[in-house]
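Below is one structure; the comments refer to it alone.
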């Protein structure tokens, strides 16, 4: 239900003329629902809370912990539309998966709609995860956001980069590096641009956590 609430309020924010609440209210409700989703998921994954170093180290390995951190960060910041991309796509993927399971459970697993939805979900899950990873990399909180938000957000990105269950952020960085290397290696690339590319790659490589 919390994922459906995330999806509903994200749509309300993006399409305010269809929303029963104000745009700002819909935005924050979407992140509140996402925070609840990830808190519940995290509790399921880690079990009983233990105030120990080992427990918190294990907690930081969980994707649900990363996205709880993400949700709270933007729940307490000024609205930035692009921040909704991750939680909305995750909610949509989960909703599609659960709908397929529900239809199968009530005897409609062989229906044309169920088969099409299952096929669509399977075909596009990897693409959606890649879009989420790229969106998170390019997201730079600006505007009315606190000056501290980019520094806190950097910590979120390092957690995503280090994720054991979801390598999409590392893959996105690797693909971007490959593309930039191709541009820099081109004979038509100006020296100043080539130097900027290599310096940027070097800086990002130094900031990346060890895996």
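Computed from the coordinates by the stated procedures, all read-outs in this text should not be read as laboratory data. Model, not experiment: these values are computed from the prediction. Here Cβ is always computed from backbone atoms with ideal geometry, including for glycine, and neighbour counts include all displayed protein chains.
Dimensions of the range 1-89 along the principal axes, based on C-alpha atoms and rounded to the nearest Å, stand at 48, 24, 18, largest first.
Taking each pair of distinct Cα atoms in the range 128-211 once, what is the resulting Kirkwood hydrodynamic radius in Å? Could the numbers behind the result be given before it?
Values: mean 1/r = 0.0703 Å⁻¹.
Computed over the range 128-211, the radius equals 14.2 Å.
Only helical DSSP H runs with n ≥ 4 go in: add -39500 (n - 2.57) per run for the chain, normalise by residue count and round the 222 nm mean residue ellipticity to 500 deg cm²/dmol.
Working: 9 runs with 154 residues, N = 211.
For the chain, the value works out to -24500 deg cm²/dmol.
By the beta-carbon count within 10 Å of each Cβ, the least crowded to most crowded order of 137, 132, fewest first, is 137, 132. For the chain, taking the reciprocal of the average inverse distance between every pair of different Cα atoms yields a Kirkwood hydrodynamic radius of 19.3 Å. Between residue 81 and residue 154, full extension at 0.36 nm per residue minus the direct alpha carbon distance yields a gain of 24.4 nm.
Spacing of the modelled spin labels on residue 174 and residue 207, each 7 Å from Cα toward Cβ, amounts to 2.1 nm. Helix 84-105 and the longest principal axis of the Cα set of the chain meet at an angle near 40°. By the beta-carbon count within 10 Å of each Cβ, the least crowded to most crowded order of 24, 63, fewest first, is 24, 63.
Modelled label positions at residue 106 and residue 52, each set 7 Å beyond Cα in the direction of Cβ, lie 4.5 nm from each other. Averaging the Cα positions of each part gives two centres, and for the range 1-68 and the range 78-108 these lie 13 Å apart. Between the helical axis of 191-207 and the longest alpha-carbon principal axis of the chain there is an angle of about 60 degrees.
By how many degrees, 0 to 90 and rounded to 10, does the Cα axis of helix 2-14 deviate from the longest principal axis of the chain? The two axes meet at around 60 degrees. Overall form of the range 37-122: oblate. Here a/c, set by the Cα gyration tensor axes a ≥ b ≥ c, is 1.5 or more, and a/b is not larger than b/c.
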